[in-house]
Amino acid sequence: MAQRIVTVIAGVVTGAIGVSVPRLSYYLGKGDKEAYVSLVNRGSRIFNFFIIPLSFGLMVLGPNAILLYGSEKYIGGGILTSLFAFRTIILALDTILGSQILFTNGYEKRITVYTVFAGLLNLGLNSLLFFNQIVAPEYYLLTTMLSEASLLVFYIIFIHRKQLIHLGHIFSYTGRYSLFSLSFVAIYFLINFLYPVDMVINLPFLINTGLIVLLSAISYVGLLVFTKDSIFYEFLNHVLALKNKFKKS
């Protein structure tokens with residue numbers, strides 16, 4: 001249940017990465033490294049612009065999402081939903097570095113080697129949990145996240161060693177959007193302090209959840225406006241252009 005929720009949200013955004021791979025390969029084939037780097041940086045920034053606040057929002061509202069999406073009998077999976085949401089950020093970076101940088105530069109075998117190693121690490125950690133009679137799914141998810149984080153580290157080291165691309169741009173905006181999204185945590189605790197509710201689907205619960213979502217969205221947009229984020233204004237202009245187009249038609 002928890003994984004299904006996160007997969008639905010992340011799958012929509014993740015498709016954008018796969019779409020850009022042929023164009024990235026085209027730029028490299030032409031020897032246009034500048035256009036390639038520009039597209040990687042822009043694509044990763046747009047991806048993080050959307051996926052990071054979605055992930056942080058679902059991390060904060062994991063139990064609420066489970067309750068709304070499933071029912072009260074699944075409420076115990078709230079922590080899993082939060083962990084899966086955080087895992088989405090790691091997977092996003094793995095996908096960006098693996099697909100857009102290593103794969104397009106012809107290092108498919110290196111991706112395979114690193115992925116197999118991360119898989120073996122995950123298997124080893126899961127075996128340790130199993131033989132120590134630890135059966136809580138949260139621990140197994142944490143070992144998976146640790147393995148995926150190790151894969152990300154391998155990618156970073158290899159990209160830096162081969163000087164395929166400077167990763168500062170990618171991680172600077174990952175950090176920026178993560179910092180903006182941290183405001184959701186403060187909002188969550190503030191709302192629950194001022195307006196506490198039981199984990200039962202009723203009007204107070206819906207008001208509580210709605211306030212958290214609304215104030216988090218306002219906070220994120222407000223910080224984007226304050227920092228004059230170019231991606232936000234580009235997206236806003238597209239929305240306004242579509243609105244005007246529909247008005248004319």
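The values are calculated or read from the model by the stated rules, or taken from the named source; none is laboratory data. These numbers come from a predicted model, not from an experiment. Because the Cβ atoms are built from the backbone with ideal geometry, glycine has one as well, and the counts that use them run over all protein chains shown.
In the range 93-100, the count of residues that are without any contact (Cβ under 8 Å) to a residue 60 or more places away in the chain and closer than 27 Å to Pro53 by Cα is one or more. Filter the range 183-198 down to residues that are surrounded by 13 or more Cβ atoms within 10 Å (Cβ to Cβ) and touching a helix residue (DSSP H, G or I) at 6+ places or on another chain (Cβ under 8 Å) and give me whichever is farthest from Tyr107 (Cα to Cα). The extreme case among them is Val197. Hey, can you tell me all the residues within the range 19-61 that are among the hydroxyl-bearing types (Ser, Thr, Tyr) and either touching a helix residue (DSSP H, G or I) at 6+ places or on another chain (Cβ under 6 Å) or free of Cβ contacts under 8 Å to residues at least 60 places away in the same chain (or both)? Hits for the range 19-61 are Ser20, Tyr26, Tyr27, Tyr36, Ser38, Ser44, Ser55.
Identify, please: which residue in the range 101-116 is in contact (Cβ under 8 Å) with a residue 12 or more places away in the chain and under 23 Å from the mean Cα position of the chain (by Cα) and is, among those, farthest from Leu151 (Cα to Cα)? Filtering the range 101-116 for residues that are in contact (Cβ under 8 Å) with a residue 12 or more places away in the chain and under 23 Å from the mean Cα position of the chain (by Cα), the one farthest from Leu151 (Cα to Cα) comes out as Thr104.
Just one of the listed residues (Ser183, Ser178) is among the small types (Gly, Ala, Ser) and touching a residue at least 60 places away in the same chain (Cβ under 8 Å), namely Ser178.
Return a yes/no flag: does the range 144-162 have any residue that is at pLDDT below 95, more than 18 Å from Leu54 (Cβ to Cβ) and assigned to a loop (DSSP other than H, G, I, E, B). No, there is no match, as no residue in the range 144-162 is at pLDDT below 95, more than 18 Å from Leu54 (Cβ to Cβ) and assigned to a loop (DSSP other than H, G, I, E, B). When Ser127, Ser147 are checked against the criterion of being crowded, with 16+ Cβ neighbours inside 10 Å, farther than 30 Å from Gly210 by Cα and small (Gly, Ala, Ser), a single residue qualifies: Ser147. One residue stands out in the range 155-181 among those that are exposed (fewer than 13 other Cβ atoms within 10 Å of the Cβ) and among the aliphatic types (A, V, I, L, M): the one that is farthest from Val60 (Cα to Cα), namely Ile157. Looking only at residues in the range 209-228 that are without any contact (Cβ under 8 Å) to a residue 40 or more places away in the chain and within 21 Å of the chain's Cα centre (by Cα), which one is nearest to Phe193 (Cα to Cα)? Once the filter is applied, the top-ranked residue is Leu215.
Scanning the range 77-123 for residues that are touching a helix residue (DSSP H, G or I) at 6+ places or on another chain (Cβ under 6 Å) and among the hydroxyl-bearing types (Ser, Thr, Tyr) returns Thr81, Ser82, Thr88, Thr95, Ser99, Thr104, Tyr114.
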